[in-house]
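Quick note: the coordinates plus some simple rules give every number you see, no bench work behind them. As the structure is a prediction and not an experimental result, all values here were calculated from the model. Quick reminder, even Gly has a Cβ in these numbers, built from the backbone with ideal geometry, and neighbours come from all protein chains shown.
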Amino acid sequence: MKRACRCCGRWFTPRANVPDQQYCSRRICQNARRQRWRKHKLAIDSDYKANQYAAQRRWCEKNPNYWKRYRASHCDYRRRNRHKQKTRNQKRGQGPIELSSVIAKRYALKSPNDIISGLYKLEPADGSMIAKRYALLVKLDVIADNYINGP
């Protein structure tokens, strides 16, 4: 029985060994499926989220100048990014020079329950910088709501 792909809408025949298949076999559709799975997994599995964050942090530590080198060697990317940033700033109601503190944030907390104990980078919240150029390393320990001044 044919079914419409959740990504592209094209009709496909599900594989016999995957009776509830929702996506066709096109590469773009499979990438969308994986991306949807990953987003869901990050939302429900704190261990998976922590492992992904740690892996990304390790990669960044091994490749500290990656983006600097990439921007230096890809002029079109740099030009396009600057143009798109001006557009985003205008949508926020900011002038071309004023900066926002939420420009370079990949992960933002959705609720206070998302906070876990660990090391964090502390940055100015006044919007004085686009990228994380200067930051302090701080350790946060989450204390339960019912905690009363310790023993």
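Which pairs, out of LYS62/LYS86; LYS49/LYS91; LYS62/LYS139; LYS62/LYS91; LYS41/LYS91, put more than 29 Å between their alpha-carbon atoms? LYS62/LYS86; LYS49/LYS91; LYS62/LYS91; LYS41/LYS91, as the Cα separations exceed 29 Å there.
Over all other residues within a Cβ to Cβ distance under 11 Å of PRO14, the charged ones net out to +2, with Lys and Arg as +1 and Asp and Glu as -1. If R0 equals 41 Å, the separation of the Cβ atoms of TYR77 and ILE116 corresponds to a calculated FRET efficiency of about 0.75.
Overall form of the stretch 1-80: oblate. Here a/c, set by the Cα gyration tensor axes a ≥ b ≥ c, is 1.5 or more, and a/b is not larger than b/c.
Rounded to 0.05, the FRET efficiency of the ALA16 and TRP37 pair, given R0 = 25 Å and the Cβ-Cβ distance, is 0.70.
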